[in-house]
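Note sheet for the following structure.
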Amino acid sequence: MATVEGVKTTETICSFCGTGCGLIIETEDSKIVKVKGDKNNPSSHGETCVKGALGWGYVNSSRRLTEPLIKKNGQFVSASWDEALEVIARNFNDTKTKYGPDALGCFSSSRSTNELNYLAAKFMRTVIGTNNIDSCNRT
């Protein structure tokens, strides 16, 4: 990590897939301004795919959610995490009871770590009882 003329650089690993490409993230005023490959990374040698190099715009978006939302009377309203998780658990359970476990599925994210994707698959298979799990880890 270094700071040059107001720009902070941070070495990290890309989170789009499990390859482990190295990235150098440049931030200014706590906002990402540039991403480039880390030449010292043994996995990628400074190369990045288009997702790793350009797929970070969502991080600075003012449209990002900052709290859970649930639907009440047809409108999304702010909720606590406990309330949101209760709604999710109740709806999963109701759907599973009414239609069976294969009525549910999970689309995991390549932005998550491999460990979190594994956990999502394990949850769907052992708790929900379905193999309906996929992710966008393809290019």
Scanning region 107-131 for residues that are surrounded by 12 or more Cβ atoms within 10 Å (Cβ to Cβ), touching a strand residue (DSSP E or B) at 6+ places or on another chain (Cβ under 7 Å) and modelled with pLDDT under 95 gives 108, 109, 110, 117, 120, 121
If we ask which residues in region 20-37 are loosely packed, with under 13 Cβ neighbours inside 10 Å and in a loop (DSSP other than H, G, I, E, B), their number turns out to be 2
Within region 111-126, the count of residues that are part of a helix (DSSP H, G or I) and either in contact with a Ser or Thr (Cβ under 8 Å, 6 or more places away or on another chain) or over 30 Å from residue 19 (Cβ atoms) (or both) comes to 5
Turns out the strands (runs of 3 or more DSSP E) fully within region 38-110 with at least 1 residues that are in contact with an Asp or Glu (Cβ under 9 Å, 6 or more places away or on another chain), free of Cβ contacts under 8 Å to residues at least 60 places away in the same chain and over 30 Å from residue 126 (Cβ atoms) are 75-78
Residue pairs within 6 Å by beta carbon, gap of at least six or interchain, first lying in region 112-123 and farther than 20 Å from residue 55 by Cβ, second of a type in the set (Ser, Thr, Tyr) and surrounded by 13 or more Cβ atoms within 10 Å (Cβ to Cβ), listed first then second, are 120/108
Taking region 38-53 and keeping residues of a type outside the set (Ser, Thr, Tyr), more than 11 Å from residue 16 (Cα to Cα) and surrounded by fewer than 15 Cβ atoms within 10 Å (Cβ to Cβ) leaves 39, 40, 42, 45, 46, 47
The residue from 104, 69 that alone is modelled with pLDDT of 95 or more, touching a Phe, Trp or Tyr at 6+ places or on another chain (Cβ under 8 Å) and exposed (fewer than 15 other Cβ atoms within 10 Å of the Cβ) is 69
Scanning region 46-88 residue by residue, those touching a Cys at 6+ places or on another chain (Cβ under 8 Å) and of a type in the set (Asp, Glu) turn out to be 47
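The values are calculated or read from the model by the stated rules, or taken from the named source; none is laboratory data. All values reported here derive from a predicted model rather than from experimental measurement. In this analysis, Cβ positions are derived from the backbone assuming ideal geometry, glycine residues included, and neighbour counts consider all displayed protein chains.
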